[in-house]
Every structure is written in structure tokens, then in C-alpha cells.
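The values are calculated or read from the model by the stated rules, or taken from the named source; none is laboratory data. As the structure is a prediction and not an experimental result, all values here were calculated from the model. Heads up, the Cβs are rebuilt from the backbone with ideal geometry, glycines too, and the neighbour counts pull from every protein chain shown.
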Amino acid sequence: MNKLVLIMCVLVTCFCILPAAEARIKLVALPERGDTVIRLDNPQATLVEEERVLTLQSGLNHVDFSWKGVRIDPDSIRIRILSHPEKVNLISVSYPPGENALVWEMSSPQAMEEKIRISYLLSGIDCLVTYKAIADKGETKVDMKSFLVLRNFSGEDFTMAKVQLDYGEAFEKAIRHEETKQMLFLGNDSVPIKKTFTFDAAQLPWEPEQLRENVGIPVHYIIKNDRKSGFGEFALREGKVRMFQDDGHESTIFLGEDRAGFTPPGDEMKLYVGDSRDIVVTQHKMKDVKTNIRRNRSNGIILYDTDEIIKAEIENFKDKPAVLTMIEHIPGQWDMEDSSLKFEKDDANTIRFDINIPPRGKETLVFHYHRRNVR
């Protein structure tokens, strides 16, 4: 049942023998809700726009808009005159005390039908975005679909409305109070992915062979939000991603799930797939010597520099080439003396190596740096 009530009260001043106090008041039929748009751009509140047709009389018209059991922000309610904006004038708006209602006062030069658009912020409608990604057997691309889960706990029934997110195609659906619906609203086939393996020296053991359990290297699928991937026109919302892989026998296997972060155009969506035991990293500190030592009057060391060398050996037991991202942390002030492989700075204390490892092959990384003014 529609809990938003729109009643029009028409006030016509009689210039006949009736006194002014006996002005004629006429109630007209309740206008049905026409085209309705539910916009989900803002996660805090939902913007609803609905069109109705009023039957106006010549003179002043009072339009009462009231609601019950529906969480509308009264300050957000707006009205727009569509059919004859140059003729019909909105004179005033008033809020009856103690009621969930407002009254618009309109003037019309003649009796006519007038289409209006009413907009307001409505609480209790929210949405979730989920993704499903199916990788091909070679893990070079995915078929990616995005679903919108719409939940209505606003107290209002929408028999038919156009639902619009901030991107993707709009779609028309009926959604009633306390109803939840899942809808496919975005899908791209053959989205390119980059499979990466990540070794973070601050989180993973340096000598895994000394541990009793197997040490896995975290694996990620990287999807770039650009036109080459079939996206790039808008930011991708955060949401749960379930990942599958084609097993080559007309079926799929479940790889895992992760939560994608908000991804603006040009950025990358990084999805954790699982851990791989096919890449092994063994790292050692080959040199760590104090230099340029400074002492206090009691001969205690207060500051010093260091001369450090780290060596890492990477083995790929896969039959395919792999890209390993190695993240190393160097605290404080430092200078790189030499590095066998190219690196990038992620921040002042973090460097990153992207290392291509051949199938069944090995790669060695050695880097030599100095730390300054260590306490």
C-alpha cells in the first residue's frame, strides 16, 4: 500500500454574492504515482524522484504531501513544475505542526493538468555490490559480472521504479517493503588480468626450509579499471568478489573470495586468490656492519650508520613463467649503494621489486644499502 499521500485542496475565491469567509474548498482525487527513479549514488541516503499529475483549478491550489511509517528527511523534499513552469507558480510551502506533512501553495491562471516531480531523501533503502569472476584455464583473463543487491526497509512499496546506481545501466524493478532483490547490472567478458605473487619481507619467513609447515606465497589477480578492460568510465564500488577458474572440462573450480576496494578509473583492483607453494623465496642478510659510530662522554654509542647487504634466491617450480613482487622495508634514512635488479619506491621506507621468473627457473636478488643516523 502506498504510504505517501498526496492530496490536492483547491481554493477558489468567489466574487459573487458569497462573502469572502465562505470561500469554496474542493477536494480532488488522489493523483497516482507515475515514473519513479530510485538513485543509489550516495550510500548514506537514497534519492527518490517521482512524477505525478495534478488537476489544478484556476486560482490558488493547496497540495498536501504527507507520509506515515516512512523515513523521509522533511528538509530534503522538493517539488518541480514540469508541464507549464512559466504559468504555474509555487507561492509557499508550510509544515503543519506535529505532522509528517507539508503543504505547497500554487497558483494557476486556469484549470489544467500539471505534471510535477517530487524528490526527497529516503532512509531504509540500501544496496550491496558483489562480483563474480571466472578465470580461463591459462589465468590470463576473466569473465566478470557485477550484481546489485537491493534491500528495502523504508516502509514504502514501489510497484515499479527505475533503479539507478552511479554507473551501469538503469533497470526497472518492483521492490516492496522488507524485500531484497539481486540484479545483474554490469558484465564484461575477457577482462585481462595479471597474476602476481607477493613476498613481503616483514610478513613472511626469510628461511622457509627451517619451518615444519609449508610457506605459501600470496597470489593475486590484478584487474585494471581502464578501457582496455572494458571499464574505465567510472569508479568500481567495493564489494565481495567470488573467484572461479575454468577447469577445462566445461566446469569450474572455486578459487576463493576477497573484498574488492573502491577502485577509481585508472587504478587497479587487487584480489587475493590464495597461497602458492610453487614459488619459494629464501632470503639472508649477508652483511650488517656498524660504521661512523658516534659516542657520548661515557663512551656509549648514541648514533651510528650501517652497511647492509641482503640476498634473496627465488625458485619457480611451475611450468609457467611467474611475476613475483618482493616488498622490502628499510627503516630510517638510507641510501642504495647497488642493486642487481630494478626497484621502485612505494614510500620513504618501502621498496618494491617486480621480478620475472622463467618456468622451472631461478632468480637471484642482491641489494646493498647504507642506513644513516641509527639510534
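Quick notes
- Residue match in segment 199-218 (condition: buried (at least 18 other Cβ atoms within 10 Å of the Cβ), aliphatic (A, V, I, L, M), without any contact (Cβ under 8 Å) to a residue 60 or more places away in the chain and under 29 Å from GLU139 (Cβ atoms)): no
- Test: residue in segment 78-87 that is closer than 24 Å to GLY124 by Cβ and in contact with a Phe, Trp or Tyr (Cβ under 9 Å, 6 or more places away or on another chain): yes
- Matching strands (runs of 3 or more DSSP E) fully within segment 284-375 where at least 1 residues are farther than 18 Å from ALA202 by Cα: 301-316, 322-329, 333-339, 350-357, 362-374
- Unmet criterion (only one of (1) outside the structural domain of MET336 (by TED's automatic domain parsing); (2) at pLDDT below 95) for ILE301: (1)
- Tabulated pairs, segment 281-295, first at positive phi, second surrounded by 12 or more Cβ atoms within 10 Å (Cβ to Cβ), C-beta under 7 angstrom, 6+ apart or interchain: ASN292/TYR304; ASN292/ASP305
- Apart from one condition, ARG117 fits all of (1) basic (Lys, Arg); (2) closer than 30 Å to PHE254 by Cβ; (3) in a strand (DSSP E or B); the exception is (2).
- Selected residue [farther than 30 Å from VAL191 by Cα and under 42 Å from the mean Cα position of the chain (by Cα)] from LYS311, LYS290: LYS311
- Members of segment 67-90 that are part of a strand (DSSP E or B) and either surrounded by fewer than 17 Cβ atoms within 10 Å (Cβ to Cβ) or not assigned by TED's automatic domain parsing to the domain that holds TRP104 (or both): ARG78, ARG80, ASN89, LEU90
- Against the test of being surrounded by 15 or more Cβ atoms within 10 Å (Cβ to Cβ), touching a residue at least 24 places away in the same chain (Cβ under 8 Å), under 25 Å from GLU169 (Cα atoms) and among the hydrophobic types (A, V, I, L, M, F, W, C), the options LEU121, LEU102, LEU60, LEU56 yield a single qualifying residue, LEU121.
- When segment 144-180 is filtered for residues that are within 30 Å of PHE244 (Cα to Cα), among the polar types (S, T, N, Q) and exposed (fewer than 14 other Cβ atoms within 10 Å of the Cβ), only THR180 remains.
- Per the conditions (1) touching a helix residue (DSSP H, G or I) at 6+ places or on another chain (Cβ under 8 Å); (2) more than 30 Å from ARG242 (Cβ to Cβ), the sole criterion not satisfied by VAL280 is (2).
- Top-ranked residue in segment 325-375 [being among the hydroxyl-bearing types (Ser, Thr, Tyr) and surrounded by 13 or more Cβ atoms within 10 Å (Cβ to Cβ); ranked as farthest from MET286 (Cα to Cα)]: THR325
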